[in-house]
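Reading through the structure tokens given below for one structure.
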Amino acid sequence: MTSSEADAVTSRKPPPVERFRPADLDERDWATLRATCPVSKTTAPDGEGVWLVSRYADIRKVLGSQVFSVSPIDLEKGSGTAEANESIFQDPPEHTRLRGLVAGPFAVGYVGRYRDSIRAKADELLAEIGSANRPADVMADFAKPLTMNVIAAVVGVPEPDRAMFLHLSDQLLVPLSEAQGVVAIEGWKQLNSYVRDLIAERRRTTGREGTDLIAHMIRVQEDEGTVDDVELATMVLGLPVAGYVSTANAIAVAMRYLLEFKWLHTLRTAPDGEELRKQFVEEVLRIQSGDNGESMPRFAAEDFELGDVTIRKGDQVVAPLIAANRDDSLFDDPDTFNPRRDKLIRHIAFGFGIHRCLGANLARLELQVATDALVECGLDFEMLEAWKAVPWKVNMLGDRFPERMMVKVTA
């Protein structure tokens, strides 16, 4: 590959943080906001005034309406994405085109074929934890290697490269204070170089053969010509980075409730244990909203009536998933962890509308399999730190994740 060809398949620099960090929303009294001012004015981290929406129904309206753009509106030019990019985080029609190209490998019927390999990896990691004769770090020893192995297999990263890919991804996902520092930029460059070389190698060897995302995208490029090299590289680079941290977080949150609230014992002994595990997973997804990043803010492409408020063209709107999933008009006693609650399936932990998480089916499957493996592994665990004492980091994409989660392990 020539230098100019290499440059052609290098995606853009890391995107700026464009969404509220979870810490910015932690202290909100959602119940009071819903009762008194469900669409209220607040201040974004950059000092700009934004609309904050707190009711489940209103949040779905914002996230589901194409009146709202994911990029700031140019008031002179009108609606639409203000700055084009090579990812799916833009407006139709480009969003529709790119999401349609990559949706197949993440469809619910397609990701199911990974169930056995996910379980095999989970069992392998738990066996290593059980034989290590030392405290385990749920994040480093289980959640992160499991989820990176899964997303790497879906994308097409060779198994020998996956530990390195995880390391480079972590190097990119540095704390927010370092987001524009040398570590993040260097990590992005190294990942770009690796992805560029991987795509070139696949073209030279197996090419369009295979079921992973790279093979799928190469076929689409050759057959339809609807994706260019930069878009291909951006998808291959961005999906693992975006996908594995949030799912690893969900596993950590699940582990908290398995141990601190004794759900591990309950799931092992309940007569309805198999069905209860599925409900447990959905409740983890509901209640973890806010422990990760939040949905991207939206920008009104035209005036929009929301309740008693007129949101003007160009205004920024924040529609937090944590507020929707803690709305007591839908979920009774919403701050309590209760897998047997009514209407649980109506949570929107993966977002809503055209920008709903592309990897939702895969993430749900990973969490289900990880829970099954933990319940059936024959190990007992004890948290060595209170949940509130677990150190968290916020990375350059606005995601928050546990730095570690130490547990004592006994057979």
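The values are calculated or read from the model by the stated rules, or taken from the named source; none is laboratory data. Bear in mind that the values here come from a model prediction, so they are computed numbers and not experimental data. Here the Cβ is made from the backbone with ideal geometry for all residues, glycine too, and neighbour counts use every protein chain on show.
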Scan (1) at pLDDT 90 or above; (2) over 14 Å from Ala363 (Cα atoms) for the single condition Gly104 breaks and write down its number. (1)
Tell me which of these Ala301 doesn't satisfy, since it passes every other one: (1) within 23 Å of Ser71 (Cα to Cα); (2) touching a helix residue (DSSP H, G or I) at 6+ places or on another chain (Cβ under 9 Å); (3) among the aliphatic types (A, V, I, L, M). (2)
Residue count for the range 305-330, restricted to those that are touching a helix residue (DSSP H, G or I) at 6+ places or on another chain (Cβ under 8 Å) and over 11 Å from Glu283 (Cα atoms): 14
Here's a check for you: in the range 254-269, which residue that is out of contact with any strand residue (DSSP E or B) (no Cβ under 9 Å at 6 or more places or on another chain), hydrophobic (A, V, I, L, M, F, W, C) and assigned to a helix (DSSP H, G or I) is nearest to Phe401 (Cα to Cα)? Ala254
So in the range 129-141, with the set limited to residues that are over 12 Å from Pro402 (Cβ atoms) and under 27 Å from the mean Cα position of the chain (by Cα), which one is surrounded by the fewest Cβ atoms within 10 Å (Cβ to Cβ)? Ile129
For the range 378-394, indicate whether the set of residues that are at pLDDT below 95, surrounded by fewer than 21 Cβ atoms within 10 Å (Cβ to Cβ) and in contact with a Phe, Trp or Tyr (Cβ under 7 Å, 6 or more places away or on another chain) is non-empty. yes
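Considering the range 34-48 alone, what residues qualify as being in contact with a Ser or Thr (Cβ under 9 Å, 6 or more places away or on another chain) and touching a residue at least 60 places away in the same chain (Cβ under 8 Å)? Step through it out loud before you land on a result.
Here is the first cut: in the range 34-48, the ones in contact with a Ser or Thr (Cβ under 9 Å, 6 or more places away or on another chain) are 34, 37-40.
Within the range 34-48, Arg34, Pro38, Val39 qualify.
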From the list His167, His216, which residue is surrounded by 15 or more Cβ atoms within 10 Å (Cβ to Cβ) and either more than 26 Å from Arg113 (Cα to Cα) or of a type outside the set (Val, Ile, Thr) (or both)? His216
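Working only within the range 309-345, note down all residues that are loosely packed, with under 15 Cβ neighbours inside 10 Å, under 22 Å from the mean Cα position of the chain (by Cα) and not aliphatic (A, V, I, L, M).
Listed by number, the list holds a single entry, Asp335.
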Would you please list the contacts, defined by Cβ atoms under 7 Å and residues six or more apart or on different chains, that run from a residue in the range 237-253 that is in contact (Cβ under 8 Å) with a residue 24 or more places away in the chain to a residue that is assigned to a helix (DSSP H, G or I) and acidic (Asp, Glu)? Thr247/Glu366
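Considering only the range 1-87, give the helices (runs of 4 or more DSSP H) lying wholly within it that have at least 1 residues that are at pLDDT below 85. Before you say what the answer is, go through the steps one by one.
Working: elements: 3-8, 30-36, 56-64.
In the range 1-87, 3-8 are the helices (runs of 4 or more DSSP H) which contain 1 or more residues that are at pLDDT below 85.
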Checking Glu231 against (1) under 30 Å from Glu283 (Cβ atoms); (2) acidic (Asp, Glu); (3) surrounded by 21 or more Cβ atoms within 10 Å (Cβ to Cβ): exactly one of these is not met. Which one? (1)
So Pro402 passes all but one of these: (1) surrounded by 15 or more Cβ atoms within 10 Å (Cβ to Cβ); (2) without any contact (Cβ under 8 Å) to a residue 60 or more places away in the chain; (3) in contact with a strand residue (DSSP E or B) (Cβ under 8 Å, 6 or more places away or on another chain). Which condition number does it fail? (2)
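Hey, among Arg364, Arg356, which residue is among the charged types (D, E, K, R) and crowded, with 17+ Cβ neighbours inside 10 Å? Outline the logic, then answer.
Working: Arg356 fails: crowded, with 17+ Cβ neighbours inside 10 Å.
After ruling out the rest, the residue left standing is Arg364.
Which one is nearest to Arg298 (Cα to Cα), of the residues in the range 89-117 that are part of a helix (DSSP H, G or I) and small (Gly, Ala, Ser)?
In the first step, residues of the range 89-117 are kept if they are part of a helix (DSSP H, G or I); the result is 94-102, 104-106, 108-117.
Those left that are additionally small (Gly, Ala, Ser): 100, 104, 109, 112, 117.
On the way: Gly100: 21, Gly104: 26, Gly109: 31, Gly112: 32, Ser117: 38 Å.
So, considering only residues that are part of a helix (DSSP H, G or I) and small (Gly, Ala, Ser), the one nearest to Arg298 (Cα to Cα) is Gly100.
Select from the range 208-238 the residues that are under 23 Å from Lys189 (Cβ atoms), in contact with a helix residue (DSSP H, G or I) (Cβ under 7 Å, 6 or more places away or on another chain) and in a helix (DSSP H, G or I) and list them in ascending order. I'd like the intermediate steps shown before the answer.
Here is the first cut: in the range 208-238, the residues under 23 Å from Lys189 (Cβ atoms) are 213-214, 217, 227-238.
Remaining after also requiring in contact with a helix residue (DSSP H, G or I) (Cβ under 7 Å, 6 or more places away or on another chain): 213-214, 217, 227, 229-233, 235-237.
Those that are under 23 Å from Lys189 (Cβ atoms), in contact with a helix residue (DSSP H, G or I) (Cβ under 7 Å, 6 or more places away or on another chain) and in a helix (DSSP H, G or I): Leu213, Ile214, Met217, Asp229, Val230, Glu231, Leu232, Ala233, Met235, Val236, Leu237.
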Scan of the range 146-168 for residues that are at negative phi and either in contact (Cβ under 8 Å) with a residue 60 or more places away in the chain or touching a Leu at 6+ places or on another chain (Cβ under 6 Å) (or both), ordered by number: Leu146, Thr147, Met148, Val150, Ile151, Ala152, Val154, Val155, Val157, Phe165, Leu166, Leu168
